[in-house]
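In what follows, a single structure is set out as structure tokens and then discussed.
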Amino acid sequence: MNRRLLLAAGCLALLALTSGCLGFGTGPVSEDTLDSEPAEPYRWDTDRTVHVTVQENTQFRAVMAVNQSTLDLFRRDGFGGSNPLSVQAVRYRYPNGTVITGSEIRERGGEVRETRDETVVELPPGTAERGGQLAFTSGGTPKRFTLPTYVDGSYEVVLPENRAIDFPVFGQVSPGNYETLRDDRGRVRIVWVDPVTADTVSVRYFLQRDLYVFGGVLGVILLAGIGGLLYRRRQIERLRKQRTDMGLDVESDDDDPPGFG
């Protein structure tokens with residue numbers, strides 16, 4: 001009986017942990033994180049609904065127009081679930097140009113907190129009707145940017161300098177129907193003018209030098225292959241010569257069958 005009680009208690013504890021009932025890893029985001037400075041100023045003057053600048057260190061700065069009081073930020077985990085998107089340097093810009101920090105969002109009645117599945121950004125009361133912009137900095141993975149489409153509208157992703165997408169396998173963009181431009185610093189801009197209907201925007205990019213490295217490796221492989229073929233051919237010729245010297249490969253010119261003639 002005691003074993004069954006212990007097993008039942010263990011199952012309940014495991015269920016509570018996996019469902020988030022115990023609240024581990026949740027709570028308000030610290031003010032130091034919210035008020036930290038972005039690597040560069042946010043692009044508030046964008047004419048896209050969502051503007052993303054990918055940084056050299058794989059972090060990215062996002063600015064998005066919002067017309068709702070709450071925004072849920074998350075990443076899909078590949079198993080049908082989601083994890084909270086870690087954010088820092090959170091800012092909100094009112095339509096009149098006034099910019100407030102993450103802690104000021106909290107002071108004015110809003111909140112930025114993490115749950116087990118998402119980061120919830122609650123804007124101050126009354127801001128949803130005004131149609132301002134929310135900005136934050138978050139992290140990514142090397143040579144790949146992926147983000148759910150939290151809001152409907154047009155999107156733009158600016159890659160770091162010396163990055164490209166125009167080589168198969170190394171570069172890939174989803175969804176399609178995008179345009180590529182360059183800004184005044186020579187960075188590639190990927191623009192979806194029409195509203196994005198896909199669940200996720202994804203860009204795989206590469207450094208220009210990656211092509212030279214790939215070309216060098218491919219050249220070494222080809223040279224090794226050619227060298228192997230030449231070596232094998234020399235070995236075959238050597239064996240053939242040895243067989244000839246031993247008389248094993250001498251063929252008769254007499255076409256008559258044995259016993260005739």
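The values are calculated or read from the model by the stated rules, or taken from the named source; none is laboratory data. In this text the structure is predicted, and so the values were computed from the model without any measurement. Neighbour counts run over all protein chains shown; Cβ positions are idealised from the backbone, glycine included. For accessibility, only protein heavy atoms count, side chains too; no ligands or nucleic acids. Shrake-Rupley method; radii C 1.70, N 1.55, O 1.52, S 1.80 Å.
Criterion applied to Arg182, Arg130, Arg113 was being touching a Pro at 6+ places or on another chain (Cβ under 6 Å), of a type in the set (D, E, K, R) and under 24 Å from Asp45 (Cα atoms), and the one residue passing it is Arg130. Filtering segment 1-55 to residues that are at pLDDT 60 or above, open to solvent by 100 Å² or more (accessible area, probe 1.4 Å) and part of a loop (DSSP other than H, G, I, E, B) leaves Glu37, Pro41, Arg43, Asp45, Asp47. For segment 176-196, the criterion of being touching a helix residue (DSSP H, G or I) at 6+ places or on another chain (Cβ under 9 Å) and open to solvent by less than 30 Å² (accessible area, probe 1.4 Å) is met by no residue.
Those strands (runs of 3 or more DSSP E) of segment 163-212 in which 1 or more residues are more than 17 Å from Arg48 (Cα to Cα), in contact with a Cys (Cβ under 7 Å, 6 or more places away or on another chain) and in contact (Cβ under 8 Å) with a residue 24 or more places away in the chain are absent.
Would you check which residues across segment 56-71 are open to solvent by less than 60 Å² (accessible area, probe 1.4 Å) and farther than 24 Å from Ala128 by Cβ and list them? Those that are open to solvent by less than 60 Å² (accessible area, probe 1.4 Å) and farther than 24 Å from Ala128 by Cβ: Thr58, Gln59, Phe60. Criterion applied to Gly140, Gly153, Gly132, Gly126 was being open to solvent by less than 30 Å² (accessible area, probe 1.4 Å) and at pLDDT below 95, and the one residue passing it is Gly132. Just to be sure, is Phe260 assigned to a loop (DSSP other than H, G, I, E, B), touching a helix residue (DSSP H, G or I) at 6+ places or on another chain (Cβ under 7 Å), at pLDDT below 90 and open to solvent by 40 Å² or more (accessible area, probe 1.4 Å)? Taking the combined requirement at face value, the residue does not satisfy it.
Taking the criterion of being of a type outside the set (Phe, Trp, Tyr), open to solvent by less than 50 Å² (accessible area, probe 1.4 Å) and modelled with pLDDT of 95 or more, the residues of segment 72-96 that qualify are Leu73, Pro84, Leu85, Val87, Ala89, Val90, Arg91. Taking segment 97-106 as the search range and keeping residues that are assigned to a helix (DSSP H, G or I) and touching a residue at least 40 places away in the same chain (Cβ under 8 Å), which one is most open to solvent (accessible area, probe 1.4 Å)? For segment 97-106, the residue satisfying everything is Arg106.
Among the numbered conditions (1) surrounded by 14 or more Cβ atoms within 10 Å (Cβ to Cβ); (2) more than 23 Å from Asp77 (Cα to Cα), the only one that Thr115 does not meet is (2).
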